[in-house]
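Notes to accompany the following structure.
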């Protein structure tokens with residue numbers, strides 16, 4: 001059975017932003033604070049280290065009922081027992097990932113334009129990562145922002161769950177939810193926070209107020 | 001059934017060395033010249049492009065009976081229908097790869113020391129990539145060379161097939177085979193050659209004379 005997702009707050013990891021802190025501790029604290037889904041995004045470390053980290057995160061998140069998805073790497077997801085993958089437009093096509101991971105895997109796909117979203121309508125995926133909502137310094141290769149109006153339009157155009165990412169913090173999370181997002185994704189708002197648990201709590205409250 | 005491998009000459013791709021030529025053309029010419037196994041090694045391009053390239057190579061190599069293995073990326077291998085993977089010591093552990101890829105996959109593992117080789121004895125893998133045999137400018141992160149004496153000692157210590165890599169060309173391939181290698185792996189000797197087919201033929205002849 002595909003894992004149940006509570007949406008709300010979606011954490012994307014960034015070891016660089018976590019500084020000298022153990023990223024597993026940061027993620028654990030964030031889950032305690034109310035994060036409902038975690039994406040492991042690792043672009044630099046080798047495959048074996050990614051598998052180890054993903055497995056360690058799964059172990060911590062499983063008792064909390066928080067699924068882990070792995071960015072890009074279906075091999076790392078399969079090896080570590082993660083719940084699924086998050087795929088960019090230049091990653092593995094979603095249907096290949098579905099074939100390799102089976103019907104129970106969570107699969108999310110990033111969309112940067114309405115055309116990319118339309119191409120995924122009716123596909124067996126679990127959410128669209130709508131990127132970026134606002135301009136952000138984290139992903140310098142991102143396209144033009146969707147904005148709240150673009151998000152609202154997408155909400156009407158698709159039946160998929162929407163995870164909004166890019167420039168979101170506790171101060172604007174509520175309006176992003178009101179514009180139609182099922183979850184707000186954050187990187188720095190939690191990974192760079194001095195207290196990741198409290199940062200997650202603040203986001204959770206903002207989302208529930210949205 | 002696990003694909004039959006004829007060993008002899010093992011080509012490791014390097015798009016940088018192929019320059020402006022299509023790497024698929026280089027590989028195809030090399031297979032025509034007598035390469036018996038090809039490893040796709042891509043460290044820079046995105047996952048979707050790697051899958052496309054691997055699938056294109058499989059299509060060209062299949063009629064020639066030359067298996068393709070993918071360096072590091074089990075996901076790319078599974079998605080493209082490649083015969084297997086080549087794993088470094090920092091890549092996925094071989095037993096995880098075997099579990100994900102099944103009994104028919106070809107799995108090779110790089111070893112840089114006798115201890116690493118000993119740890120793989122009795123394991124269900126298809127070959128050891130013995131690296132580097134000689135000092136080489138291609139892999140700057142490699143350990144101390146095995147040398148021909150080290151290769152001979154390993155030949156006596158293991159029952160695995162041995163693919164020797166590092167600093168090998170048509171001029172020294174025969175002695176590497178005589179020292180116990182089942183195949184010589186080359187990167188620049190073919191990828192940087194002006195005529196990859198003739199370069200592969202020269203290596204093939206050298207190996208058969210070894």
One decimal, nm, shortest first: give the distances between the label point of residue A:157 and those of the same position in the other copies, each label point 7 Å from Cα along Cα→Cβ.
-> 6.1
Near the axis that takes chain A to chain B, which A residue has its beta carbon closest, and at how many Å?
-> A:75, 2
Kirkwood hydrodynamic radius for the protein assembly as shown: how many Å is it when counted over pairs of different Cα atoms?
-> 23.0
If you wrap chain A's Cα atoms in a convex hull and average its projection over all directions, what's the area in nm²?
-> 10.3
P(r) tail for the stretch B:70-190, what percent of Cα pairs lie past 23 Å?
-> 29
Could you pull the copy-to-copy label distances for residue A:195, with points set 7 Å along Cα to Cβ, in nm to one decimal and sorted shortest first?
-> 7.4
Debye sum, Cα scatterers, the stretch A:1-86, no solvent: what log₁₀ I/I(0) at q = 0.15 1/Å?
-> -0.46
Under a plain spin-label model, where a point goes 7 Å from the Cα along Cα-to-Cβ, how far apart in nm are residue A:116 and residue A:89?
-> 0.5
Report Rg/Rh for the stretch B:167-210, rounded to two decimals, where Rg is the Cα radius of gyration and Rh the Kirkwood radius.
-> 0.95
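Looking only at other chains, what is the average number of their beta-carbon atoms within 10 angstrom of each beta-carbon in B:102-108?
Working: counts 0, 0, 0, 0, 0, 0, 0.
Per-residue shielding by partner chains comes out at 0.
For each of B:36, A:188, count neighbouring Cβ atoms within 10 Å of the residue's Cβ, then give the residues from fewest to most.
Working: B:36 22, A:188 18.
Ranked by crowding around the Cβ, least crowded first: A:188, B:36.
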Roughly how many nanometres apart are two label points built 7 Å out from the Cα toward the Cβ at residue B:20 and residue A:144?
-> 3.5
Starting from a label point 7 Å past Cα on the Cβ side, list the distances from residue A:144 to the same position in the other copies, nm, shortest first.
-> 6.1
Would you calculate a helix-derived [θ] at 222 nm for chain A, using -39,500 (n - 2.57) for each DSSP H run of n ≥ 4 and dividing by the full residue count, to the nearest 500?
-> -11000 deg cm²/dmol
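Read the figures in this text as sums done on the coordinates, not as results from a lab. Bear in mind the structure is a predicted one, so any value in this text is a computation, not a measurement. Cβ sites come from the backbone with ideal geometry, for glycine too, and all protein chains shown count toward neighbours.
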